[in-house]
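Structure first, commentary second.
We did not get these values from a lab; they are worked out from the coordinates using the rules stated. As the structure is a prediction and not an experimental result, all values here were calculated from the model. Heads up, the Cβs are rebuilt from the backbone with ideal geometry, glycines too, and the neighbour counts pull from every protein chain shown.
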Amino acid sequence: MIVERSMHPGWLSNAYLIADRPGGTGVFVDSGAPLEPLLRAVETHELTPTHLLVTHGHGDHTAGNESLRRRFGLELVERACDRFQTGKLSIDVLPTPGHSADSLSFLFNGSACFCGDTLFAGSVGGSGSSFADLRRSIMEVLLALPPETRILPGHSDETSAGEEWKQNPFVRIWRGLDPEGDGRCRVAGREARLVLWAHDYDGGFKAWLRFDDDGDQVVGGSRVERGR
C-alpha cells in the first residue's frame with residue numbers, strides 16, 4: 001500500500017493519497033493541504049483515483065474538495081457507511097464523533113487508520129461536539145485497534161495505536177495510570193478545574209477542563225487563563 005502525505009505549512013493539516021499499488025487505484029483523504037504533491041504522486045504512480053474521503057467538515061480539511069472532484073470525478077464519502085472496496089483497498093468507515101458530530105475515521109486494509117482530528121500523536125482533538133463521545137471514539141474505537149495499526153491524523157505526524165495507548169497523557173488518565181490535575185483556571189469567564197495541561201501537535205498546549213457548572217471539555221490552551 002502506498003501512502004503519500006501533504007501538510008499545510010500554516011494549519012499543519014494533512015491531506016493524503018492512498019493507493020493499492022503502482023498503476024492501481026488511489027483514494028484521497030481530506031484536502032486541506034497543498035494538492036500539488038499529491039497530484040504529482042498520482043502521475044508518478046500512474047494511479048486511477050476513485051474516492052475522496054472526508055474525516056470531518058471543517059474548512060482546514062475540505063478546502064480542496066471541489067478541485068479534486070472536478071479533476072477526477074471522485075465519489076465523495078463524508079457520512080458513515082458500510083465497509084467498501086475500491087481496487088485492492090478495503091476501507092472500513094468508523095464513526096468517531098466528539099471533535100465534531102460528523103467525524104469519521106477510515107481504516108485501510110486493517111492496517112492504517114486516518115482519524116482526522118480525533119486523535120493526534122501525544123494529544124487529542126478538541127471536544128467540539130461532545131467530550132464523552134471524544135473519549136469513547138478514542139478508547140473504544142481507535143485504541144481498540146491492534147497496537148501496530150498506523151494512526152495518521154488530520155494534523156502533524158503519524159503515530160500508532162500502541163504508542164498512543166502507552167504514552168498519550170489523556171489516554172493515561174483515562175486508563176487510570178496517571179492522576180487528574182486539580183489546578184484552577186478560567187475559560188471565557190467560566191471557572192474550571194484544570195484536569196490536564198498537555199503539549200499539542202502544533203507546539204502549543206491542549207487543556208482538559210472540568211467546568212464548575214457544565215462537565216468536561218478539551219480546548220486549545222490559548223483559550224485558558226491559568227492559575228486562578
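In a fully extended conformation the segment linking ARG226 and ASP157 would gain 22.0 nm over its present Cα-Cα distance, using 0.36 nm per residue. Across region 52-143, the mean sequence separation of Cα contacts (distance under 8 Å, 6 or more residues apart), normalised by length, yields a relative contact order of 25 percent.
Highest average first, the peptides 176-189, 43-56 ordered by how many other beta carbon atoms sit within 10 Å of their residues are 43-56, 176-189.
Which FRET efficiency, nearest 0.05, do HIS199 and ARG175 yield, Cβ-Cβ r, R0 22 Å? My answer for the efficiency is 0.75.
In the chain, helices alone account for a calculated mean residue ellipticity at 222 nm of -4500 deg cm²/dmol, with every DSSP H run of four or more residues adding -39,500 (n - 2.57). At the listed q of 0.15 Å⁻¹, the Debye profile of the chain, built from one uniform point per Cα, gives log10 I(q)/I(0) equal to -0.94. For GLU75 and ARG190, the difference between the fully extended length at 0.36 nm per residue and the C-alpha to C-alpha distance is 37.0 nm.
Report the FRET efficiency, 1/(1 + (r/R0)^6), for PHE211 and GLU46, where r is their Cβ-Cβ distance and R0 is 41 Å, rounded to 0.05. The formula returns an efficiency of 0.15 here. Among 113-124, 88-99, the peptide with the highest mean count of other Cβ atoms within 10 Å heads the list, and the full ranking is 113-124, 88-99. So if I take the centroid of the Cα atoms in region 168-219 and the same for region 72-101, what is the distance between those two points in Å? Cα centroid of region 168-219 versus Cα centroid of region 72-101: 31 Å apart. The label point for ASN109 and the one for GLN85, both projected 7 Å from the Cα toward the Cβ, are 1.4 nm apart. Segment GLU66..ASP182, full-extension length gain: 37.1 nm, with 0.36 nm per residue of separation and the alpha-carbon distance subtracted.
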